[in-house]
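The values are calculated or read from the model by the stated rules, or taken from the named source; none is laboratory data. Remember, predicted model here, so these are calculated numbers, not experimental data. A quick note on method: Cβ atoms are made from the backbone with ideal geometry, for glycine too, and the neighbour counts reach across all protein chains shown.
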Ligand SMILES: [Ca+2]
C-alpha cells in the first residue's frame, strides 16, 4: 500500500463519527502526525500503568521523590540538604530486609557504612547575596561602635564613636588580577603598575619592591591586584557598578557589632587565619638579602600575595575573606581625625591629602596592623606591592 493510501485510510478512521474511538495505533509517531491533521483524532494512551515519579527517576526501591527532597531520591521521611548534597534525617520506612541506620536504610546483615564528612562549601548563602553581585555579600547595616577606646589601639582610632549604616554590598574577596584585566580590556581601567610609586623610596628600593607587582604575571590571576593607586581602584569599582567602601563600611564589614579585635575574633593572628609575614616571608626576604621580622613563627604558605580567599578560617562575621592580610585595601574616605559624635553613614572629611587604607598586607609583621580598627593612610597616587582594594555598593 502506498503512503498516500495509508494516510487516507488512517484519516478516514480518525474522522469516523464515533468521536470516542481512538485512532488506530495512535501511540506511534505516524498517528500523532495524522492527529495533527484531524483534531477529532485523539492519540491512544500508551499501554501499561503510569510510572511513579520515583520510578521514572530510577530511584532505588523504597525511595521516593517528594517536595521535601527537591526532586532527589530519598527514603520516606527524609529531606534533601543542599549544604551537604545528601538526604538527611532518619528514614521513617525502609524496604523489607533493611533497617534504619543513621540517615540511611541498610540491608540487614550488611556492614554499616562509615559516614564520610562532606566539606561545607565556602560559597556565600543566596540569602546573603540578595540584591548584590555574585561575588558580593549583603551587609545588613545597623549601628556599631567604630574605632578603639583609649589605651586600646592607636590614637588615630580614638575616640570610639557610633556609626549607623544602611544595608550595603561588599565584595567577598579582594579584586583579583584576572578581574582587573577584564576591566582594562574593556577600556574602562588603566593597566595596573608593574612598578611601585612611593615618595621616599630610593631607586634601589623601588626596583626591589617592584618585583612583587602582580600585573602582567601569568601565575597571579587569582591573586589580588596590587600596585594600583587610589584612582585606579576607584575607576575599577565605578566601571563595575559600585564604588570603594567608606571607611565605616569597611570596618563594620570586618568586625560586625561585637567590637572584636580581628575579623575572626580576638585570637591572635596565626598562619591559618591570614596571609601576613610568617617564617616563609622571612626566609624569602633573607634569600633576597633582607632581614625581615615575622608576625608569627610558622609558615602561612605564601611568601608574598596569596590567591584571594585562601584563609576561610579568618573570615569576618559576614563571611568576607582576607579582611586582614594579603593586601591592604583602599577605602573611599580621606583620612581625618575621628569625632566622638555618632553619625549616620559616616563618609569622612570632605577633602584631605591622604586616603585611608585598611587591613594589613602580606609583609605585615606587627599584629596591630591587621586589627579591624587599625587605620593606614597614603597619598592617593601611591602604588604599593601590599595595597589593593575591594568594592562596595548600596544594596538594591
Ligand atoms: Ca605570608
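Tabulated data
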read-out	value
Candidates 307, 245, 271, 224 - the one that is within 16 Å of the ligand (Cβ to nearest atom) and touching a strand residue (DSSP E or B) at 6+ places or on another chain (Cβ under 7 Å)	224
Residue within segment 248-256 that is touching a strand residue (DSSP E or B) at 6+ places or on another chain (Cβ under 8 Å), on the phi < 0 side of the Ramachandran plot, within 16 Å of the ligand (Cβ to nearest atom) and modelled with pLDDT of 95 or more present	no
Qualifying residue in segment 140-153 (condition: surrounded by 22 or more Cβ atoms within 10 Å (Cβ to Cβ) and under 30 Å from residue 220 (Cβ atoms))	no
Residue within segment 277-284 that is in contact (Cβ under 8 Å) with a residue 40 or more places away in the chain, within 16 Å of the ligand (Cβ to nearest atom) and in the same structural domain as residue 343 (by TED's automatic domain parsing) present	yes
Members of segment 265-279 found to be surrounded by fewer than 24 Cβ atoms within 10 Å (Cβ to Cβ) and in a loop (DSSP other than H, G, I, E, B), listed by number	266, 267, 268, 270, 271, 272, 273
Whichever residue in segment 319-348 is touching a helix residue (DSSP H, G or I) at 6+ places or on another chain (Cβ under 7 Å) and within 16 Å of the ligand (Cβ to nearest atom) and, among such residues, is nearest to residue 283 (Cα to Cα)	325
Residue within segment 368-376 that is surrounded by fewer than 19 Cβ atoms within 10 Å (Cβ to Cβ), within 16 Å of the ligand (Cβ to nearest atom) and within 29 Å of residue 207 (Cα to Cα) present	no
Residue check for residue 316: out of contact with any helix residue (DSSP H, G or I) (no Cβ under 9 Å at 6 or more places or on another chain) and under 30 Å from residue 147 (Cβ atoms)	no
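Residue-by-condition table, conditions (1) touching a helix residue (DSSP H, G or I) at 6+ places or on another chain (Cβ under 7 Å); (2) assigned to a strand (DSSP E or B):
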position	(1), (2)
352	no, no
356	yes, yes
361	no, no
365	no, no
368	no, no
372	yes, no
390	no, no
393	no, yes
